[in-house]
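Worksheet for the structure shown next.
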Amino acid sequence: MREVKDFIEKDLPLYHNLVFKHIPGADPELVLLDLYYKELQRVALEEMTRDQIGELLLELGFHRKPSADAPVAPEYLFAPLRPKHTSKNDL
């Protein structure tokens, strides 16, 4: 689980629209929500490496900034949220 902790401490601040919530005693997981905060999916992270978590987030459409304080380009402000008729390949 050291890899997950490293991701949270070092990489998570680089991702736009990604929030970390610490829940004591809970296994680490990624919870995907829709526009109305309805849960869509849960992904267990405990067996994943830091790189695997990063790759997963990029595949899901999250935007990784070059630095934590870098501005977000307008086309990524609502990433990974896409209109229902838009596929990832259309972007």
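The values are calculated or read from the model by the stated rules, or taken from the named source; none is laboratory data. The structure presented is a predicted model; accordingly, all values stated were derived computationally and were not measured. All Cβ positions, glycine included, derive from the backbone under ideal geometry; neighbour counts span all protein chains shown. Surface accessibility is based on the protein's heavy atoms, side chains included, excluding ligands, DNA and RNA. Shrake-Rupley method; radii C 1.70, N 1.55, O 1.52, S 1.80 Å.
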- If the label point sits 7 Å along Cα→Cβ of Arg42, residues of segment 1-30 with amide N under 20 Å come out as 1, 4-5, 8, 18-30
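How big is the Cα convex hull of segment 39-84 in projection, averaged over all directions, in nm²?
Working: hull surface 17.6 nm².
So the Cα hull casts an average projection of 4.4 nm².
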- Per residue accessible area of the chain, 1.4 Å probe, in Å²: 77
- Which of the following values of volume of the Cα convex hull per residue in Å³ was calculated from the structure shown: [x] 113; [y] 176; [z] 167? [x]
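Leaving ligands, DNA and RNA out of it, report the carbon-plus-sulfur percent of the accessible area of the chain at a 1.4 Å probe.
On the way: 3850 of 6990 Å².
Whole-percent figure for carbon plus sulfur exposure: 55.
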